[in-house]
Amino acid sequence: MTNLFDFNAQSNHFAVMGNPVEHSKSPQIHRLFAQQFDITLEYDRIQVDAGGFDQAVSHFAAHGGTGLNVTVPFKVEAWQLCGQAGNRRSARARHAGAVNTLRFDSGPGQHRVFGDNTDGAGMVRDIENNLGLKIAGTRVLVLGAGGAVRGVLGALAGRGPTSLTIANRTATRARALAEEFGNDDNPMNLSTMHLSGCGFDRINGPAFDLIVNGTSASLGGELPGIAPDCLGAHSLVYDMMYARRPTVFMEWALANGAGTVSDGLGMLVEQAAESFYLWHDRRPDTAPVRHALRDV
Ligand code: NDP
């Protein structure tokens, strides 16, 4: 782990900031991407204490840092930082209300910050390109109403499903999220897509084409508590969490008739590829990196 105040000035210096970050796979992923283009880079993990995020970013930029990934619990703080005078946010970051990628557009001393959110694009790319489900014309169910779900709703809606249902343990949060994303400041094409929010108990058949688990239930080995009749043989069940073994939600889905299940490792690699593209203007081949991480 890097000491925050002990940077060597480097022109291609990146890091992931969060708390905790010791298990982050981002350094490994970005080094593997960089090898594909013979790019020399430094990529560290920086653990930041609560209340120290803005200062940590300033120090990193002032010492020649080029870009940062931001993870739990600082994505909203990163979004706020990028809203300050002189800084900028991408449209997808503005809509998500969260930033996971920072790029410092000027040299040391000036560091204007550009913030992006690559989580949604990464997940959609994994689902469409790697798992082969085209989202256009499908019925999509998203479970959860926290930061992870905020980050992917815009990208999912942008692929043109006929319906997007957000269901959450606390139903009011799901309804509020659907209202927020359906308003004029955060436009979704509601002429061709039905957007709604509800509690888990309101979800029943017919089976959805795509079910995304964006709750943190799997972290504790728990199930989100939806009825199995929302699953069918044509359903792709996608758990945003990843682990060495299939998550409990993936196992439950397979046991209850889902055709295909996946964890979120592909999303992790694809969102990293989007960040890499933002920093280096090159799109890495993600397949060998996904396979390398699975083999570890
Ligand atoms: P938040 O804390 O912001 O939100 C947690 C959500 O999970 C809430 O909707 C909460 O419901 C729900 N929840 C928590 N426990 C349970 C439970 N036991 N049963 C049902 N619902 C539950 O977390 P995040 O949104 O930041 O993260 C969610 C998941 O997404 C994590 O597992 C994280 O690892 C994953 N993730 C994966 C990424 C990837 O690249 N693959 C990227 C980002 C996140 P309520 O509102 O009722 O409290």
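The values are calculated or read from the model by the stated rules, or taken from the named source; none is laboratory data. None of the values given here were measured: they were computed from a predicted structure. Don't worry about glycine lacking a Cβ; one is built from the backbone with ideal geometry, like all the others, and counts go over all protein chains shown. Heavy atoms of the whole protein, side chains included, go into the accessibility calculation; ligands, DNA and RNA do not. Shrake-Rupley method; radii C 1.70, N 1.55, O 1.52, S 1.80 Å.
Plugging the Kirkwood radius over Cα pairs into Stokes-Einstein for the chain, at a temperature of 20 °C and a viscosity of 1.002 mPa s, what D comes out in µm²/s?
Diffusion coefficient, whole number: 109 µm²/s.
Within the chain, what's the longest run with no GluC sites (Glu not before Pro) in a DSSP loop and at most 16 other beta-carbon atoms within 10 Å? Give the range, please.
No qualifying site falls inside 23-221, the longest such stretch.
Each residue of the stretch 245-253 in order: what ³J(HN,Hα) in whole Hz does its phi give by Karplus 6.51 cos²θ - 1.76 cosθ + 1.60, θ = phi - 60°, with x for Gly and Pro?
Here the 3J(HN,Hα) series is 9, x, 6, 4, 5, 4, 5, 4, 5 Hz.
Can you give me the % of accessible surface on the chain that is carbon or sulfur? Probe 1.4 Å, all protein chains present, nothing else counted.
About 47 percent, which is the carbon plus sulfur part of the accessible surface.
At a Förster radius of 35 Å, what calculated FRET efficiency corresponds to the Cβ-Cβ distance of ASN19 and ILE39, to the nearest 0.05?
Values: r = 28 Å, r/R0 = 0.80.
It comes to 0.80.
With just the Cα atoms of the stretch 153-296, tell me how far they stretch along each of the three principal axes, in Å, largest first.
That gives 40, 39, 27 Å along the principal axes, largest extent first.
Given only helices, namely DSSP H runs of n ≥ 4 each adding -39500 (n - 2.57), what is the per-residue ellipticity at 222 nm of the chain, to the nearest 500 deg cm²/dmol? Could you put the intermediate results ahead of the total?
Values: 10 runs with 98 residues, N = 296.
Only helices count here, giving -9500 deg cm²/dmol.
Through the Karplus equation 6.51 cos²θ - 1.76 cosθ + 1.60, θ set to phi - 60°, convert the phi angles of the stretch 56-71 into ³J(HN,Hα) values in whole Hz; use x for Gly and Pro.
Per residue, the Karplus-derived 3J(HN,Hα) values read 5, 5, 4, 4, 4, 5, 5, 9, x, x, 9, x, 9, 9, 10, 10 Hz.
With a 1.4 Å probe and every protein chain left in place, tell me how much accessible area TYR242 has, in Å² to the nearest 10.
Its accessible surface works out to 80 Å², give or take rounding.
Have a look at HIS23, HIS95, HIS13 and tell me which one the Gaussian network model of the chain (Cα, springs below 10 Å) gives the largest fluctuation.
Among HIS23, HIS95, HIS13, the largest mean-square fluctuation in the Gaussian network model of the chain belongs to HIS23.
Would you mind computing, in nm to one decimal, how far apart the modelled labels at SER196 and THR172 are, each placed 7 Å from Cα along Cα→Cβ?
Spacing of the two 7 Å Cα→Cβ label points: 2.1 nm.
Need one number: % antiparallel among DSSP beta bridges in the chain, to the nearest 5.
15 percent
Full-extension gain between GLU179 and GLN28, please, as 0.36 nm times their residue separation minus the C-alpha to C-alpha distance.
Numbers: separation 151, 0.36 × 151 = 54.36 nm, distance 3.86 nm.
Roughly 50.5 nm would be gained on extension.
Restricting to Cα pairs below 8 Å that are 6+ residues apart, what does the relative contact order work out to for the chain? Please round to a whole percent.
15 percent
Quick one: Debye curve from the alpha-carbon atoms of the stretch 234-296 only, equal weights, vacuum; give me log10 I(q)/I(0) at q = 0.17 Å⁻¹ to two decimals.
Here the Debye-derived log intensity ratios amount to -0.65.
Binned at 5 Å from 0, what are the whole-percent values of the Cα-Cα distance distribution for the stretch 72-215, short to long?
Final binned percentages: 2, 10, 19, 20, 20, 13, 8, 4, 3, 1, 0, 0.
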